[in-house]
Amino acid sequence: MPYLDDPLIIFTDLDGSLLDHHDYSWQPAQPWLDKLSAAKIPLILTTSKTPAEVATLQSALHLTHQPFIAENGAMVHLPSGWRTGDEEPFYINGAGYGEIRQTLVELRQRYDFEFRGFGDVTPKQVALWTGLSEPQAELAMQRKASEPLVWFGNDLDFMHLKKCLTREGLALTRGGRFWHVMAAGAGKGQAVQWLSERYQQKCGQPVISIGLGDGPNDLSMLEAVNYAVVIKGHHDHEMPLHRDDTSRVFRTHEFGPQGWSQGLNHFIPLP
C-alpha cells in the first residue's frame, strides 16, 4: 500500500472524476488536493480536454508546474522543469488535428456517414452538447490532435467508419459524452507509461503510480498504473479491467470528486 512519503505519481481523469459530471466542481476533492500538494506528489491531469482547457484548470488548481496529458493521450505537455535541452513543451502522438479533420470530411463525403464533430459546428452547439459556457466551448474547440464526434447513424455504418479510420491510421475512443478520433496507438495508457518513465528518470528511483477515472477512455490508463480507482460513472458502459492484481483495483460507490476522494482514502493511509 502506498504512503504519502513514497515516490508517488497520480494520474487523474477530469470530467466525472476529479470534476463533477454536472457542474464541473472539484470542491469535494479539495482536502486531498491540499494533501498531495503538501507532500509534493505530482498530480497529472489526464483528460480528453484540450491544452487550452487544461491550462485554465491547471491554473485554478495550482498545478501549472506539473505536466498534463490532453486529448485522451494524443498530446503530452511538459513544463520547463520536466524538459531536457531544447525539447519542445508539447509531444504529439501521431496525426495532428488538421490531418484528422481532412480525413473525416473526405470519409463523410464519400460514404455519407452521419456524424458531426466539433469542427463542423459553432461554439453555441458545443456548449449545448457539453453544458459548458460558450467561452469554455471555444477553448474545447482549440484542438491539436483529436476530434470529438457525435454519431447519428446506424450501427452498420458505424462499424464501416471504424474500418475506414483504421485504414487511415486512426482510431475511435469512447469518452463520457463523445467518440474521439485520434491516431491509432495514441491513448491515455501509452501517455501514462511514457510520463511515468520520464518521472522515474527525473527522481532516480522506481515510482508508484495511481490512476483515477470513470469512463471507457480511462481503461488503458487504469491498466497502465500500479493502483487503479474506477470511479462510479454517469453512464451504462462496462468498465472491465484485465488485471490479475485485483487487490490493486478499487471501484467506488460515489460519483465524481466524492468518488475520487474515496479512492485515495482506500489506497493511501493517512497518519
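Hey, got a sec? Which trypsin sites (Lys or Arg not before Pro) in segment 1-93 land in a DSSP loop and have at most 15 other Cβ atoms within 10 Å? The qualifying sites are Lys40, Arg83. Length available on full extension from Gln27 to Arg243: 0.36 nm per residue minus the Cα-Cα distance, which gives 74.6 nm. One Cα centroid belongs to segment 83-145, the other to segment 211-229; the line between them spans 23 Å. By accessible area, using a 1.4 Å probe on protein heavy atoms only, segment 80-129 has 45% of its surface on carbon and sulfur. Partners of Lys49 within straight-line reach, counting lysines whose Cα lies under 17 Å from its Cα and excluding those fewer than 8 residues away in the same chain: Lys144, Lys188.
Sites counted here are GluC sites (Glu not before Pro) in a DSSP loop (not H, G, I, E or B) having no more than 16 other Cβ atoms within 10 Å; the longest part of the chain that contains none of them is 115-237. Where both bridge residues fall in the chain, DSSP classifies roughly 50% of the beta bridges as antiparallel.
Axis angle, to the nearest 10 degrees, between helix 51-61 and the longest C-alpha principal axis of the chain: 30 degrees. In this structure segment 1-120 gives 44 Å² per residue of accessible area when probed at 1.4 Å with all protein chains present. Summed over the residues of segment 129-268 and divided among them, the accessible surface reaches 47 Å² per residue at a probe radius of 1.4 Å. Projected onto their three principal axes, the Cα atoms of the chain cover extents of 60, 45, 39 Å, largest first. Straight Cα distances below 17 angstrom link Lys40 to the aspartates and glutamates Asp5, Asp6, with same-chain residues fewer than 8 positions distant left out. Distance between the modelled labels on Gln205 and Thr166, one decimal in nanometres: 4.5 nm (7 Å Cα→Cβ projection).
Which chymotrypsin sites (Phe, Trp or Tyr not before Pro) does segment 60-92 hold that lie in a coil by DSSP with at most 13 other beta carbons within 10 Å?
Here no chymotrypsin sites (Phe, Trp or Tyr not before Pro) fit, given the DSSP loop and packing criteria.
Mean residue ellipticity, 222 nm, helices only, the chain: the sum of -39500 (n - 2.57) across DSSP H runs of n ≥ 4, divided by residue count and rounded to 500, is -11000 deg cm²/dmol.
Could you look at segment 163-267 and say what percent of its accessible area is carbon and sulfur, using a 1.4 Å probe and all protein chains?
On segment 163-267, the fraction of accessible area on carbon and sulfur atoms equals 45 percent.
Taking a ≥ b ≥ c as the square roots of the eigenvalues of the Cα gyration tensor, segment 167-224 is oblate, since a/c reaches 1.5 or more and a/b is not larger than b/c. The fraction of Cα-Cα pairs per 5 angstrom bin, counted from 0 for segment 10-151, comes to 2, 9, 17, 20, 19, 14, 10, 6, 3, 1, 0, 0 percent, rounded to whole percents.
The values are calculated or read from the model by the stated rules, or taken from the named source; none is laboratory data. What you see is a predicted model, and the numbers here were worked out from it, not measured in a lab. Every residue, glycine among them, receives a Cβ derived from its backbone with ideal geometry; neighbour counts consider all protein chains shown. Areas reflect the complete protein model, heavy atoms only, side chains present, ligands, DNA and RNA absent. Shrake-Rupley method; radii C 1.70, N 1.55, O 1.52, S 1.80 Å.
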